[in-house]
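Student: One structure, pasted below without further comment.
The values are calculated or read from the model by the stated rules, or taken from the named source; none is laboratory data. Just so we're clear, the structure is a prediction, and the values are computed from it rather than from any experiment. When we count neighbours, we look across all protein chains shown, and the Cβ atoms used for this are built from the backbone with ideal geometry, even at glycine. SASA here: full protein model, heavy atoms, side chains in, ligands and nucleic acids out. Shrake-Rupley method; radii C 1.70, N 1.55, O 1.52, S 1.80 Å.
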Amino acid sequence: MDPSEAQYKTRQEFDNKLKSTYKKLVKMYHPDLSVSHDIVEGSNTLLAGKKRARFDEIQKAYELLKDPRKRIAYKKYDQTTWADYKPGKTSSFEAYRMANAHRRQYSYENDPKFWHAATWEDYYHMKWGRAPPTTEELEKNKWKILYKVLAVASVVVVLQIMLALERTEEFNRQTRLMNLRADADLRESYNNYDEGRSQFQRLRRFLLYRRSGLAGRDDETSKQEENEILTRYAQQKVDQFK
């Protein structure tokens, strides 16, 4: 089913050919009618599911091709590429259409109205459901528009300021918490973490924490190093009494 009308002299001739081709294919692929015969493509025979899918494709194609407006819109969708873009010769609307053609939301199946639009006015009407404002309307309502723009801008600025103040307050709160934790750790270190403040108790806590931090090392080596530390400590105490 060739969508091109160039090979036909009149639109009526194209429509007649389209209708006759559609009827022939429907009889071939219709789920009820195709049960009585096989359809072979290459060396494969089409299964019922494949016949049904092909029938649905024919239906969609016919619905598209029988309507001239849909046919033209689909042709725009099918042929729109950046290769056709020529700076200075392509209108801003066509450039906009090319820029969005690759997006799934603007595919013909998802948004056929986008491809029916031919100007910015059509797109405006499609998006907002009304005709675009005229120059006279814009001139008449320019102060209202300006006030609304300023109002929206003021709200945005106020929200940004509130957000900045909130972030600053959160930063200060985190800083205060960090300082409090640091003070608490410092006080605990002065008190030897409640394990006694004598030199011997500090040494014992040091060796205990050292052993937990050296997990995975050879126990004999660790014990030997601890014995050497304790021996030096004991020797210093003995030297004090001499």
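Student: Would you be able to tell me the number of residues in region 121-158 that are closer than 30 Å to GLN105 by Cα and open to solvent by 80 Å² or more (accessible area, probe 1.4 Å)?
Tutor: Within region 121-158, residues that are closer than 30 Å to GLN105 by Cα and open to solvent by 80 Å² or more (accessible area, probe 1.4 Å) number 7.
Student: Exactly one of (1) within 30 Å of VAL26 (Cα to Cα); (2) surrounded by 15 or more Cβ atoms within 10 Å (Cβ to Cβ) is unmet by ARG97. Its number?
Tutor: (1)
Student: Show the residue pairs meeting these rules: Cβ distance below 9 Å; 6+ apart or different chains; first residue within region 178-192 and free of Cβ contacts under 8 Å to residues at least 24 places away in the same chain; second residue open to solvent by 90 Å² or more (accessible area, probe 1.4 Å).
Tutor: Partner pairs satisfying both residue conditions: GLU188/ASP194; TYR190/ARG197; ASN191/ARG197.
Student: For region 13-24, indicate whether the set of residues that are among the charged types (D, E, K, R) and either within 28 Å of TYR124 (Cβ to Cβ) or touching a strand residue (DSSP E or B) at 6+ places or on another chain (Cβ under 9 Å) (or both) is non-empty.
Tutor: Filtering region 13-24 for residues among the charged types (D, E, K, R) gives 13, 15, 17, 19, 23-24.
Now narrow it down to the ones that are either within 28 Å of TYR124 (Cβ to Cβ) or touching a strand residue (DSSP E or B) at 6+ places or on another chain (Cβ under 9 Å) (or both): none.
There is no residue in region 13-24 that is among the charged types (D, E, K, R) and either within 28 Å of TYR124 (Cβ to Cβ) or touching a strand residue (DSSP E or B) at 6+ places or on another chain (Cβ under 9 Å) (or both).
Student: Are any residues in region 47-70 in a loop (DSSP other than H, G, I, E, B) and farther than 24 Å from PHE114 by Cβ, and if so, which ones?
Tutor: LEU47
Student: Another question, then. Quick one: count up the residues across region 4-46 that are part of a loop (DSSP other than H, G, I, E, B) and surrounded by 11 or more Cβ atoms within 10 Å (Cβ to Cβ). First the steps, then the outcome.
Tutor: Start the filter on region 4-46 by keeping residues that are part of a loop (DSSP other than H, G, I, E, B), which leaves 4-10, 30-33, 37-39, 42-43, 46.
Going one step further and asking which of them are surrounded by 11 or more Cβ atoms within 10 Å (Cβ to Cβ), we end up with 5, 8, 30-31, 33, 39, 46.
Count: 7.
Student: If you don't mind, another one. Within the set of pairs 6 or more residues apart or between chains, which connect a residue that is at pLDDT 75 or above inside region 225-242 to a residue that is open to solvent by 70 Å² or more (accessible area, probe 1.4 Å) with Cβ atoms less than 9 Å apart?
Tutor: ILE229/PHE206; TYR233/GLN199; TYR233/PHE200
Student: Residues to consider are ASP15, ASP67, ASP32, ASP38; find the one that is of a type in the set (Asp, Glu), over 30 Å from ALA99 (Cα atoms) and at pLDDT 85 or above.
Tutor: ASP15
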